[in-house]
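Student: First the structure, then my questions, so here it is.
The values are calculated or read from the model by the stated rules, or taken from the named source; none is laboratory data. Since we're looking at a predicted model, the values are computed, not measured. A quick note on method: Cβ atoms are made from the backbone with ideal geometry, for glycine too, and the neighbour counts reach across all protein chains shown.
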Amino acid sequence: MTKDLCEYVCLDGVYVKEDSVIKMAGNAGSFAVAEHYLCALLAHGLMYGKADIINKVNEVREQYQALPYAKPDNHSPRDEYGRSRVESVEFKVRKLYSQMSAEQQRELLRSCLQLLKNQTNLFCRKQHWLGVMLVVRDRLDSSVNQSNFVDFARSFTPSDWPDALRISKFTPKNFSRLLPASDRMEAYYDMEDNPQSLLCDKLWEIIIQAILTEIP
């Protein structure tokens, strides 16, 4: 993520200026349509710690005579980005993921993996399953590990996934070789040298967008 992206909202895979998304919501004509834009705005606000975004969202909700969202408690504990720890994006996404059924989790990861491949050239080798495992393990489910990841990955691999990119039982054996020894016990976002940091960041962004805009 570049710093400039904090002014742009990821809307259906396309980056749109904040003000433009707010106008789109206001001009949607119905709250059912506007809510799609508002959810994207909220996800954006959580991702970048923009507490004021809720005021803009509430202005549009008022336009459609919808009840406003409660504003965050300014006295609640904050993380290093100034966001409420209780409502930080990482906490919320992990909580929503944990509340999903196993099949819903697999479907979510399947669609996010497909978006990752369609939107970028970051997943072009089998070894890139390492980045997927790191994001799932460190962001969503700590029970996922190198030994059980093959079966799990196969359960959410898209049906039209290229054979050359499908995970095999030998793929995880290369994971340790790809990571420096000093980083193997670290979460991917704390690693000094994560060779798949771009893939990890992009996949996490896609997952955030999917969960916060698709789940009520």
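Student: Kindly check whether there is at least one residue in region 115-130 that is exposed (fewer than 15 other Cβ atoms within 10 Å of the Cβ) and out of contact with any helix residue (DSSP H, G or I) (no Cβ under 9 Å at 6 or more places or on another chain).
Tutor: yes
Student: Here is a further query. Would you mind finding the one in A164, A181 that is without any contact (Cβ under 8 Å) to a residue 12 or more places away in the chain, small (G, A, S) and exposed (fewer than 12 other Cβ atoms within 10 Å of the Cβ)?
Tutor: Within the list A164, A181, the selection yields A181.
Student: What number of residues within region 135-155 satisfy the criterion of being acidic (D, E) and closer than 16 Å to A187 by Cβ?
Tutor: 2
Student: So, one more: Regarding region 135-146, can at least one residue be identified that is under 30 Å from H44 (Cβ atoms), among the basic types (K, R) and outside the structural domain of A34 (by TED's automatic domain parsing)?
Tutor: yes
Student: Restricting to region 26-53, name every residue that is small (G, A, S), part of a loop (DSSP other than H, G, I, E, B) and farther than 22 Å from A210 by Cβ.
Tutor: The answer is G29, S30, A51.
Conditions tested, residue by residue: (1) of a type in the set (V, I, T); (2) in a helix (DSSP H, G or I); (3) farther than 23 Å from S197 by Cβ; (4) at pLDDT 90 or above.
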position: C6; (1), (2), (3), (4): no, yes, no, no
position: M24; (1), (2), (3), (4): no, yes, yes, yes
position: N55; (1), (2), (3), (4): no, yes, yes, no
position: V60; (1), (2), (3), (4): yes, yes, yes, yes
position: A70; (1), (2), (3), (4): no, no, yes, no
position: H75; (1), (2), (3), (4): no, no, yes, no
position: L96; (1), (2), (3), (4): no, yes, yes, yes
position: L108; (1), (2), (3), (4): no, yes, no, yes
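Student: Would you confirm whether or not region 146-161 contains a residue that is over 16 Å from the mean Cα position of the chain (by Cα), crowded, with 19+ Cβ neighbours inside 10 Å, at pLDDT 95 or above and among the aliphatic types (A, V, I, L, M)?
Tutor: Yes, region 146-161 contains at least one residue that is over 16 Å from the mean Cα position of the chain (by Cα), crowded, with 19+ Cβ neighbours inside 10 Å, at pLDDT 95 or above and among the aliphatic types (A, V, I, L, M).
Student: Still on this model: Looking only at region 199-213, how many residues end up being in contact with a strand residue (DSSP E or B) (Cβ under 7 Å, 6 or more places away or on another chain) and at pLDDT 90 or above?
Tutor: 0
Student: Shifting gears a bit: For region 124-156, which residues satisfy the criterion of being among the β-branched types (V, I, T) and in a loop (DSSP other than H, G, I, E, B)?
Tutor: Matches in region 124-156: V144 only.
Student: Kindly indicate the residue of region 77-94 that is assigned to a helix (DSSP H, G or I) and not acidic (D, E) and also modelled with the lowest pLDDT among those meeting that condition.
Tutor: Across region 77-94, the extreme among qualifying residues is V89.
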